[in-house]
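Everything on this sheet refers to the single structure shown next.
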Amino acid sequence: MSTPLAVVTGASSGIGAATARRLAAEGFEVVCAARRADRIEALAAEIGGRAVVCDVTSEESVRALAEAVGPRLDVLVNNAGGAFGLSPVAEADSEQWRRMYDVNVIGLMQVTRALLPALVASGAGVIVNVGSTAGRVAYEGGAGYTAAKHGTQVVTETLRLELFDQPVRVCEVAPGMVRTDEFALVRFEGDQERADAVYAGVAEPLTADDVADAIAWVATRPAHVNIDELVIKPRAQAAHHKVHRVQG
Ligand code: 8X3
């Protein structure tokens, strides 16, 4: 049997990079897709994969990704995404909202649309969309991001309905609080203090490896098993707002 092929978007850091490493360890050849060439080239060299520079919000860039992938693909992990800002609706920044919809919803759609023929051609394709608990609840200041991640969830559900007679599974892994190098820092435009405050007093937020572990599990079930959705949170996060913090 030939080596199975996986594509991971947003592979330059965090959950994406951890997932690329983990899938490579599981025996996949991994196409590491992201905007930052230096990062994905280093990662691809480390795991024996391939680096393809790709901005998921650009149709042209996604077309080039599909060409690089070729006619057959086993696993697609739509991980590229992110949050920008934490303003209440009354003070929302339209541009930040557009960027969040663009990357978390339209980008995911564009990559899926472009790679679907190759996933069908594999005879047992899997799409794993990285959603969020922000796609399940509302929280103050989060509307731009929660609306986008609810979008991720609904696109995932719709796709599963549309592909009901195709050999492609459609899954969502929805993490809660994950401490990565960049998620909160990007959200707060480089403000380290605000980024650190997100995790303040939480003994063990999830790590990128915890989520990669879940994604790899979802992606390696037998071909007839579809994990519709898997919500994963740290023990300290009983619900989005109910987080056990220890004052230091
Ligand atoms: C989950 C992160 O900030 O919405 O993706 O809890 S957050």
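The values are calculated or read from the model by the stated rules, or taken from the named source; none is laboratory data. Note that this is a predicted model, so its numbers are computed, not measured. Cβ coordinates were reconstructed from backbone atoms using ideal geometry, including for glycine residues, and neighbour counts include every protein chain displayed. For the accessible areas, the whole protein counts, side chains as well, though only heavy atoms, and no ligand, DNA or RNA atoms are used. Shrake-Rupley method; radii C 1.70, N 1.55, O 1.52, S 1.80 Å.
The antiparallel fraction among DSSP beta bridges confined to the chain stands at about 5%.
When only the heavy atoms of the protein chains count and the probe is 1.4 Å, how do GLU67, GLU157, GLU29 rank by accessible area, highest first?
Values: GLU67 150, GLU157 85, GLU29 60 Å².
Reading off the accessible areas and sorting them downward yields GLU67, GLU157, GLU29.
For GLU67 and ASP228, the FRET efficiency from 1/(1 + (r/R0)^6), where r spans their Cβ atoms and R0 equals 30 Å, is about 0.45. Remark: spin-label model distance GLU41-HIS244 equals 4.6 nm, labels positioned 7 Å along the Cα→Cβ axis. To the nearest whole percent, what portion of all C-alpha pairs in the chain is separated by more than 34 angstrom? Value for the chain (Cα pairs over 34 Å): 12 percent. Across the alpha-carbon atoms of the range 24-133, the computed radius of gyration and Dmax are 15.3, 49 angstrom. For MET109, what accessible surface area do you get with a 1.4 Å probe? Give it in Å², rounded to 10. Around 70 Å² of this residue is reachable by solvent. Taking the centroid of alpha carbons for each part, the range 1-52 and the range 187-238 are 19 Å apart. Between ASP181 and ALA121, the modelled label-to-label distance comes to 3.4 nm, taking each label 7 Å out from Cα in the direction of the beta carbon.
Rounded to the nearest 0.05, what FRET efficiency do ALA92 and GLN192 have when you use their Cβ-Cβ distance and R0 = 25 Å?
Efficiency at R0 = 25 Å is approximately 0.55.
Against the criterion of solvent-accessible heavy-atom surface with a 1.4 angstrom probe, PHE84, PHE183 sort, most first, into PHE183, PHE84. Computed with a 1.4 Å probe over protein heavy atoms only, the accessible area of ARG63 comes to about 140 Å². In this simple spin-label approximation, THR158 and GLU59 carry label points 7 Å from Cα along the Cα→Cβ vector, and these lie 1.7 nm apart. Across all directions, the shadow cast by the convex hull of the range 128-234 built on its C-alpha atoms averages 7.3 square nanometres. Residues TYR139, TYR199, sorted by accessible area with the largest first, give TYR139, TYR199 [1.4 Å probe; ligands and nucleic acids excluded].
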